[in-house]
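Please read the structure below before turning to the comments.
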Amino acid sequence: FEKQVWASMETLFNFGLFLNPEVIENSKKRELTDILAIYEYGVFLLEIKALGVLGLDKDQSIDRKVSNTQKQIRTAISQLVGANKNVAKRFQIVSDNGLIINFNRNIVPHCIVLVSELFSFGEWADLEIEIMKTMVDEKIYLHVLDFREFMNFVKAAGGKKESFDYHLMQRAEKFAEVRSIHMRTRFKKE
């Protein structure tokens, strides 16, 4: 799933796209995030959770499936908060081939939790409040998207990372207004 998402972002970010970059702290390397995408005016940290990885099986109750998905989303949010803190601390970040990744660390990042599927049933209010609180406390744009919604943003960007960035900012503002994790964005055809 990570490689599928990475491939979909290649047209936007070319040489500013990194799969499983690592952060170096006290001579120790560990993964920063699943995907890092950067350009002059934007930083995107992605944590990707595929339902197959979530241990969901067809015999689980709907409530259990929702609970497992929410647990994985919370884990991803925590990972993204940690990644953002490492970026802010200015720890060295390297690509999978060991090259140092330099970028503007003063930009408010887009932290994206990407799940293969986001159930429309179940109780999501506590998680929606947690997303809002995290955005305010950590000074980040935090998005929880399923793959379909994410691909709508990639397609609407038309190959322009600036458009992708702008549309995500608009989405964060709309989320703050409606506070629904199940928002669907419709882009006007030009």
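Computed from the coordinates by the stated procedures, all read-outs in this text should not be read as laboratory data. Note that this is a predicted model, so its numbers are computed, not measured. When we count neighbours, we look across all protein chains shown, and the Cβ atoms used for this are built from the backbone with ideal geometry, even at glycine.
Which of TYR39, ALA50, GLY122 sits farthest toward the positive end of the charge dipole of segment 23-151, with +1 on the Cβ of Lys and Arg and -1 on the Cβ of Asp and Glu?
Towards the positive end, the residue furthest out is TYR39.
Any idea what the dipole of segment 1-130 comes to, in debye rounded to 20, about its Cα centre with Lys/Arg Cβ at +1 and Asp/Glu Cβ at -1?
Details: 14 positive and 17 negative charges, 95 e Å.
Result for segment 1-130 is approximately 460 debye, rounded to the nearest 20.
If you add up the charges near VAL178, with Lys and Arg at +1 and Asp and Glu at -1, over every other residue whose beta carbon is less than 12 angstrom from its beta carbon, what do you get? Provide the component values of the computation, followed by the final result.
Details: positive: ARG171, LYS174, ARG179, ARG184; negative: GLU128, GLU173, GLU177.
That works out to +1.
Taking the alpha-carbon distance from LYS49 and a cut-off under 13 Å, which aspartates and glutamates remain once sequence neighbours fewer than 8 residues away in the same chain are dropped?
By straight Cα distance, LYS49 reaches GLU2, ASP34, GLU117, ASP146.
Gaussian network model of the chain, Cα springs within a sub-10 Å range: biggest mean-square fluctuation belongs to which of GLU177, GLU25, GLU123?
Judging by the Gaussian network model, the answer is GLU177.
Could you tell me the relative contact order of the chain? Use alpha-carbon pairs under 8 Å, at least six residues apart, and round to a whole percent.
On the way: 276 pairs, mean separation 40.9, N = 190.
Worked out over the chain, it gives 22 percent.
Which whole DSSP H helices in the chain pass both tests: a Cα extent of 18 Å or more along the axis and a mean Kyte-Doolittle value no lower than 0.0? Could the numbers behind the result be given before it?
Working: long enough: 62-88 (39 Å, -0.49); 125-138 (19 Å, 0.04); 161-178 (25 Å, -0.89).
The answer, listed by residue number, is 125-138.
Only one of the values (1) 34, 20, 13; (2) 37, 22, 13; (3) 25, 20, 17 was calculated from this structure for semi-axes √(5λ) of the Cα gyration tensor in Å; name its label.
Of the listed options (1) 34, 20, 13; (2) 37, 22, 13; (3) 25, 20, 17, (3) comes from this structure.
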